[in-house]
Amino acid sequence: MEEVQAKKKLFSAVQPSGAVTIGNYIGAIRNFVALQDEYDCLYAVADLHAITVRQEPAALRRNTLSLMALFIACGVDPEKCVLFVQSHVPAHCELTWVLNTITYPGELSRMTQFKDKSAKHADNVNMGLMDYPVLMVSDILLYQAALVPIGADQKQHLELTRDLAIRFNNRYGATFTVPEGYFPKGSSARIMSLADPARKMSKSDENPNGFVTMDDDKDTVLRKFKRAVTDSEAEVRYDPVNKPGVSNLLTIYTAFTGKSTEEAEREFAGKGYGDFKLAVGETVADALAPVREEKARLLADKGYLNAVMKRGEEAAARIARRTLSKVYRKVGFYTGD
Ligand code: AQP
């Protein structure tokens, strides 16, 4: 009899901490779509993560629904993937508590993201901000995910996931799948701020000219690219060390066109930065227009979005509960049997 091979599980999430940027799209969401046929995918709106920095409650609710609609508008198919909201599945918090007891403060305080966010939110350096990576570890391990598609900025957190999975398995016996990072070809790109190419593009950046959101209309997109920081040469060449601004624009251009860097360099050879920025802006704006339209259509149908979330919650909770029960048994919690 032919053996039916189960598809590998894959988990990823995006925080509803603001309007999603083209950095989130290039580093995460477009890969969600590319992977959904080949793997058993679970994708979450990470609201528990989002509150590690101060969120306005009404905006958080709005952003959660908006991100769910964006996933679907970008092509994530709720018939093929489990799409859910993180706080709807309590097992994420429950597993985090257990994993906290095998995590050392030094492992968390040296995380680049913790240091960056602590500096950025100096008035609110809370325990949740420090514990963020353990919650992320729980997100992944709960679903026994073999693969985690992430942007290059999240590699440290994935390392911690592997370390904690191995640590728990060594202490209590085989429990968790030790996941691998998944960086589909051309996706390792870290998209940088248009206003300061030394910093990553972030949706919570206080300078709105630094990021392009998936909701920006054509005029806004063109304006932001027109203002993008470049350099004093007039040569479109990929050289992230000496020409970080231009290289970032080339990365964005190739991500949206599928062209290679060499092709793009040839295309803009002899052209000024004005033409180059306009071409990048138009490419991005044209790509975003249909997504924006579809998202608006979905947001007008809240009943449908709620139903997708409910179905996702049930499917996610079923898998999560199985892992959590195993963990509870292994650590010695009395379960009555
Ligand atoms: N600039 C980026 N380039 C490439 N990938 C990126 N990602 C984020 N920014 C970039 C990827 O997007 C996914 C979801 O990220 P997130 O929302 O969970 O958290 P984040 O990485 O902290 O994203 P932001 O935009 O910087 O959010 P804020 O400003 O709220 O902290 C991840 O897979 C990430 O790699």
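To keep it simple, each residue is scored yes or no on (1) in contact with a Leu (Cβ under 7 Å, 6 or more places away or on another chain); (2) in contact (Cβ under 8 Å) with a residue 24 or more places away in the chain.
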position: 269; (1), (2): no, yes
position: 290; (1), (2): no, no
position: 318; (1), (2): no, no
position: 323; (1), (2): yes, yes
position: 335; (1), (2): no, no
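Among the residues of region 61-96 satisfying the criterion of being among the small types (Gly, Ala, Ser) and either open to solvent by 10 Å² or more (accessible area, probe 1.4 Å) or more than 17 Å from the chain's Cα centre (by Cα) (or both), which is nearest to residue 299 (Cα to Cα)?
So, considering only residues that are among the small types (Gly, Ala, Ser) and either open to solvent by 10 Å² or more (accessible area, probe 1.4 Å) or more than 17 Å from the chain's Cα centre (by Cα) (or both), the one nearest to residue 299 (Cα to Cα) is 66.
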Hey, could you check region 204-243 for residues that are open to solvent by 30 Å² or more (accessible area, probe 1.4 Å), within 16 Å of the ligand (Cβ to nearest atom) and touching a residue at least 24 places away in the same chain (Cβ under 8 Å) and say which is nearest to the chain's Cα centre (by Cα)?
-> 204
Which residues, taken from region 20-53, are of a type in the set (A, V, I, L, M, F, W, C), assigned to a helix (DSSP H, G or I) and more than 8 Å from the ligand (Cβ to nearest atom)?
-> 22, 32, 33, 34, 35, 48
Applying the selection to region 5-19, what residues are touching a residue at least 60 places away in the same chain (Cβ under 8 Å) and either open to solvent by less than 10 Å² (accessible area, probe 1.4 Å) or away from the ligand (no atom under 11 Å from the Cβ) (or both)?
-> 8, 9, 10, 11, 12
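Check 95, 48, 70, 108 and return the single one that is in contact with a Phe, Trp or Tyr (Cβ under 9 Å, 6 or more places away or on another chain) and either of a type in the set (Phe, Trp, Tyr) or in contact (Cβ under 8 Å) with a residue 60 or more places away in the chain (or both).
The conditions single out 70.
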Are any of the residues in region 161-173 in contact with a helix residue (DSSP H, G or I) (Cβ under 9 Å, 6 or more places away or on another chain), within 22 Å of residue 17 (Cβ to Cβ) and in a helix (DSSP H, G or I)?
-> yes
State all residues of region 136-147 that are touching a Leu at 6+ places or on another chain (Cβ under 6 Å) and either within 16 Å of residue 115 (Cβ to Cβ) or not in a loop (DSSP other than H, G, I, E, B) (or both); if no residue qualifies, say none.
-> 137, 138, 142, 147
Scanning region 135-160 residue by residue, those within 13 Å of the ligand (Cβ to nearest atom), of a type outside the set (A, V, I, L, M, F, W, C) and farther than 21 Å from residue 199 by Cα turn out to be 139, 149
Please indicate, with yes or no, whether at least one residue in region 48-57 is in contact with a strand residue (DSSP E or B) (Cβ under 8 Å, 6 or more places away or on another chain) and either open to solvent by 70 Å² or more (accessible area, probe 1.4 Å) or closer than 29 Å to residue 214 by Cβ (or both).
-> yes
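Considering every residue within region 165-175, establish whether at least one is away from the ligand (no atom under 12 Å from the Cβ), crowded, with 18+ Cβ neighbours inside 10 Å, touching a residue at least 12 places away in the same chain (Cβ under 8 Å) and of a type in the set (Val, Ile, Thr).
If we filter region 165-175 for residues that are away from the ligand (no atom under 12 Å from the Cβ), which is where we start, we get 165-175.
Going one step further and asking which of them are crowded, with 18+ Cβ neighbours inside 10 Å, we end up with 165, 168.
Those left that are additionally touching a residue at least 12 places away in the same chain (Cβ under 8 Å): 165, 168.
Then keep just the ones that are of a type in the set (Val, Ile, Thr); that gives none.
Among the residues of region 165-175, not one is away from the ligand (no atom under 12 Å from the Cβ), crowded, with 18+ Cβ neighbours inside 10 Å, touching a residue at least 12 places away in the same chain (Cβ under 8 Å) and of a type in the set (Val, Ile, Thr), which makes the answer no.
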Is there a residue being closer than 24 Å to residue 116 by Cβ, in a loop (DSSP other than H, G, I, E, B) and more than 21 Å from the chain's Cα centre (by Cα) anywhere in region 180-191?
-> no
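Does residue 111 meet the test of being touching a His at 6+ places or on another chain (Cβ under 9 Å) and surrounded by 23 or more Cβ atoms within 10 Å (Cβ to Cβ)?
Considered against the rule, which asks whether it is touching a His at 6+ places or on another chain (Cβ under 9 Å) and surrounded by 23 or more Cβ atoms within 10 Å (Cβ to Cβ), residue 111 comes out as no.
The values are calculated or read from the model by the stated rules, or taken from the named source; none is laboratory data. Keep in mind it's a predicted model, so treat the numbers as computed, not measured. Ideal geometry is used to build each Cβ from the backbone, glycine not excepted, and the neighbour counts take in all protein chains shown. Heavy atoms of the whole protein, side chains included, go into the accessibility calculation; ligands, DNA and RNA do not. Shrake-Rupley method; radii C 1.70, N 1.55, O 1.52, S 1.80 Å.
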